[in-house]
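The values are calculated or read from the model by the stated rules, or taken from the named source; none is laboratory data. In this text, all values refer to a predicted model and were calculated from it rather than measured experimentally. Cβ placement follows ideal geometry from the backbone for every residue including glycine, while neighbour counts extend to all protein chains displayed. What goes into the accessible areas is simple: the full protein's heavy atoms, side chains included, and nothing from ligands, DNA or RNA. Shrake-Rupley method; radii C 1.70, N 1.55, O 1.52, S 1.80 Å.
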Amino acid sequence: MKRTIWFAIAIVFFGLIVAIFIWLYAFRKADLSASSQRAETEIAATDLLKKFESNESEANTAYLGKVIIVSGTIDKITEDSTIVSVYIKNPEDVSGVICGFNKTMIDKSTIKLGNSIRVKGICTGYLMDVVLNKCSMEK
Amino acid sequence: MKTKFLFLPLFLITQVAFAQKHIAKTGYIWFYSYTPMEVIEAHNHQVVSILDISTGDIIFNLLVKSFEFKVALMQEHFNENYIESTKFPKSTFKGKITNLDKIDFKKDGTYPADVTGDLTIHGVTKSITTSGTIEIAGGAITAKAKFKIVPKDYGIQIPQLVENKIAKEMDITVDIPYAAN
């Protein structure tokens, strides 16, 4: 009798731990980058910029909040305490695409000005440039 | 040839006028909501700002979807249920530094700055006045401010279910380093 009670307590306890882990995983999950998500489309930075410049609301419908891959050359790299911003810009264009990387998601020694890169990220819209965040490097 | 020379002073004037404008493309704004039940913060590192030091005009522009939360699900709820970022993708502030005469942009130091202007969040525009600082260090300008906003003022509905998890007033912190021209 005593054994079954202990057995029941053990099962409930075990279940509780599993539940906490599931809860942590599903609801409290942090996500530093969109690297694990599938990109909906791939586009050159200059083409993406042109789409936003010519018709912003149409481009918003097409790209806002979507995971996309953008390619182009690195024009500038800046950083603050937590984010590295890599600026992809075609030399002929006035503006470009700003890609925000969480510092833990990028190895700065591997990126150099003028390099061609492919970046996966979530498109958050267009201000002076198109903005991508939660970025990760693509091979 | 003559016309070229005629345009030269005009060209120089526009150059000078342009140098008065300082631009930031990766400015930082974050908000903080505290209740005993839940602490929420979200960070936006892609704020665009233009500061005209000759007139004191200051503009902030940000993409609402650029706010990053620690918890992914919170970010989803924020975007879809509260701030409706697909409908209102941008938030802006257009204002003026009202005590411009007290700020010497040529001399290093931290100057208090009074700012007043129109803040648009969730499609609702309200006039706000706050004070911040302008820091000058080696010619580089950084604008900083801290103020509170009430989400309800901007038509942001918080369901009763989560009412005690979301603060009635949010702390907004602004930290914009302008690119040195």
Exercise. Taking a threshold of 31 Å on the Cα-Cα distance, which of the pairs A:76/B:152; A:103/B:148; A:29/A:50; A:51/B:94; B:96/B:168 fall above it?
Worked result: A:76/B:152; A:29/A:50
For this session: Please give the residues from the range B:53-69 for which the solvent-accessible area of heavy atoms, probe 1.4 Å, is smaller by at least 40 Å² with all protein chains in place than with the chain isolated.
Result: B:63, B:65, B:68
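Express the carbon and sulfur contribution to the solvent-accessible surface of the range B:21-177 as a percent, rounded to the nearest whole number, probe 1.4 angstrom.
55
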Exercise. Considering only protein heavy atoms, what is the solvent-accessible area of residue B:37 at a probe of 1.4 Å, reported in Å² to the nearest 10?
Worked result: 110
Exercise. For chain B, what is the relative contact order in percent, using Cα pairs closer than 8 Å and at least 6 residues apart in sequence?
Worked result: 22
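What accessible area per residue comes out for the range A:41-138, rounded to a whole number of Å², with a 1.4 Å probe?
Per residue, the range A:41-138 has 42 Å² of solvent-accessible surface.
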Problem set entry | Positive-end residue of B:109, B:125, A:113, charge dipole of the protein assembly as shown with Cβ unit charges | A:113
Seminar exercise, completed: Semi-axes a, b, c in Å (a largest) for the protein assembly as shown, each sqrt of 5 times a Cα gyration tensor eigenvalue, come to 41, 26, 18
For this session: Let me know the volume per residue of the alpha-carbon convex hull for the range B:84-139, in Å³.
Result: 89
Seminar exercise, completed: Rounded to whole Å², per residue accessible area for chain B with a 1.4 Å probe reads 56
Seminar exercise, completed: Taking the reciprocal of mean 1/r across every pair of different Cα atoms in the range A:41-138, the Kirkwood radius in Å is 13.1
Exercise. Of the residues A:93, A:75, A:129, which exhibits the maximal mean-square fluctuation in a Gaussian network model of chain A defined by a 10 Å Cα contact cut-off?
Worked result: A:93
Exercise. In debye to the nearest 20, how big a dipole does the protein assembly as shown give about its Cα centre with +1 on each Lys and Arg Cβ and -1 on each Asp and Glu Cβ?
Worked result: 520
Seminar exercise, completed: Magnitude of the Cβ-charge dipole (Lys and Arg +1, Asp and Glu -1) of the range B:21-177 about the Cα centre, nearest 20 debye, reported as 220
For this session: Quickly estimate the mean residue ellipticity at 222 nm for chain B, helices only: each DSSP H run with n ≥ 4 gives -39500 (n - 2.57), and the total goes over all residues, rounded to 500.
Result: -4000 deg cm²/dmol
Exercise. For the range A:41-138, what % of the accessible area comes from carbon and sulfur atoms, probe 1.4 Å?
Worked result: 52
Problem set entry | Leading residue at positive end of dipole, chain B (Cβ point charges), from B:138, B:74, B:63 | B:138
Exercise. Name the residues of the range A:68-93 whose accessible area, probed at 1.4 Å, falls by at least 40 Å² once all protein chains are in place instead of their chain on its own?
Worked result: A:80, A:83
Exercise. Among bridges DSSP assigns within the protein assembly as shown, what percent are antiparallel (round to 5)?
Worked result: 95
For this session: Rounded to the nearest 100 Å², what's the accessible area chains A and B bury against each other, both chains counted, probe 1.4 Å?
Result: 2100
Seminar exercise, completed: One finds the C-alpha centres of the range B:125-171 and the range B:61-107 to be spaced, in Å, by 9
For this session: State the answer as a single residue: which of A:27, A:84, B:100 lies farthest towards the positive end of the charge dipole of the protein assembly as shown, with beta carbon charges of +1 for Lys and Arg and -1 for Asp and Glu, about the Cα centre.
Result: A:27
Problem set entry | Straight-distance crosslink candidates among aspartates and glutamates, where the alpha carbon sits under 15 Å from residue A:89 and sequence neighbours closer than 8 are dropped | A:47, A:53, A:75, A:129
Problem set entry | Exposure of residue A:94 as accessible area (Å², to 10), given a probe of 1.4 Å and all protein chains | 130
Exercise. So, with +1 on the Cβ of K and R and -1 on the Cβ of D and E, and no other charges, what is the size of the charge dipole of the range A:41-138 about its Cα centre, to the nearest 20 debye?
Worked result: 320
